[in-house]
Amino acid sequence: MSALSVNHLLGIKYLKPDDIQLIFETADQFKEVINRPIKKVPSLRDITIANLFFENSTRTKLSFELAEKRLSADIINFSAAQSSVKKGETLIDTVNNILSMKVDMVVMRHPNPGAGIFLSKHINATIINAGDGAHEHPTQALLDCYSIRERLGSVDGKKVVIVGDILHSRVALSNIYALKMLGAKVMVCGPKTLLPKFIGDLGVLVETNLIKALNWCDVANMLRVQNERMEVNYFPSTREYAQQYGVTKALLDKLEKEIVIMHPGPINRGVEITSDVADSSHSIILNQVENGVAIRMAVIYLLASKIKHS
């Protein structure tokens, strides 16, 4: 397979396993590029990309920008916090204004689930979803699975537990789709109040006891508690949450086997994981950051090659 089956990256659920393999193989090549003294390739010299962030983001935005620069694309950055969106301009107006500047591709983060899908139907540009509400965050799931493949040789057959605030997490949903597509066994673990009612329908195991979950898994992907998405309290206190669902070095040392620790960031150190876990040999958190650039380069490159041929 030499081309993606989709024209946009709106969510993992629209991809096929072959698409993910192609993205991973392309990312392997870009990883070599990133580690060279000259880190740029002229692949996308004639492509213009607009980064539209209607929600705050530091890591994802920087990672996409770096990926675009490494590919020599032209970039327009748009942050909605400082824009006419505050004056009531609609999403389509905003994007059409940007498209009239002849933009080929839009990387968008938006608080509303489905915003990317809506846009893809109304405008003539390739859309990459950089997170839509609590719905999907496809590039994060791709880089997480890629990082597991890098550390453990493959994702197929591995046991992965996603721990924490599953209810508000777009990372969890995208990860569940991607991991299952690649043949992993998936469990979610957290307080009952932070597990969606229908989570079992996605074909994942559900566990509320952290020790049991960690003894079961090969990889634990620790999510932060998304206080900014909560209107009510879902658990008594942060301290109590950390005691029940936080991973410490002492806890890891008690397990019957060595497991891999991941985190999509930003980390609330001392809540879901302690600093000595984040900085330990168990952790592949910094590999995830590096792989994020390679994966985003791969996605942008593969989608851009479809623009050139269309």
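Just to be sure, is residue 150 over 16 Å from the mean Cα position of the chain (by Cα), of a type in the set (Asp, Glu) and under 22 Å from residue 300 (Cα atoms)?
Here the answer is yes, as residue 150 does meet what is asked.
Which ones in segment 86-102 are modelled with pLDDT of 80 or more and either outside the structural domain of residue 124 (by TED's automatic domain parsing) or part of a loop (DSSP other than H, G, I, E, B) (or both)?
Correct list: 100, 101, 102.
Kindly indicate the residue of segment 26-72 that is of a type in the set (A, V, I, L, M, F, W, C) and surrounded by fewer than 19 Cβ atoms within 10 Å (Cβ to Cβ) and also farthest from residue 133 (Cα to Cα) among those meeting that condition.
Ranking the candidates gives 38 first.
Filter segment 121-139 down to residues that are of a type in the set (Gly, Ala, Ser) and either at pLDDT below 85 or surrounded by fewer than 18 Cβ atoms within 10 Å (Cβ to Cβ) (or both), then give me how many there are.
Qualifying residue count, segment 121-139: 2.
Kindly check whether there is at least one residue in segment 53-64 that is touching a helix residue (DSSP H, G or I) at 6+ places or on another chain (Cβ under 6 Å), in a loop (DSSP other than H, G, I, E, B) and either at pLDDT below 80 or within 28 Å of residue 122 (Cα to Cα) (or both).
yes
Let's see how each residue does on (1) part of a helix (DSSP H, G or I); (2) of a type in the set (Val, Ile, Thr); (3) touching an Asp or Glu at 6+ places or on another chain (Cβ under 9 Å):
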{"site": "120", "(1), (2), (3)": "yes, no, no"}
{"site": "142", "(1), (2), (3)": "yes, no, no"}
{"site": "145", "(1), (2), (3)": "yes, no, no"}
{"site": "155", "(1), (2), (3)": "no, yes, no"}
{"site": "173", "(1), (2), (3)": "yes, no, yes"}
{"site": "187", "(1), (2), (3)": "no, no, yes"}
{"site": "196", "(1), (2), (3)": "no, no, no"}
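The values are calculated or read from the model by the stated rules, or taken from the named source; none is laboratory data. Predicted, not measured: the structure shown is a model, and the values here were computed from it. A quick note on method: Cβ atoms are made from the backbone with ideal geometry, for glycine too, and the neighbour counts reach across all protein chains shown.
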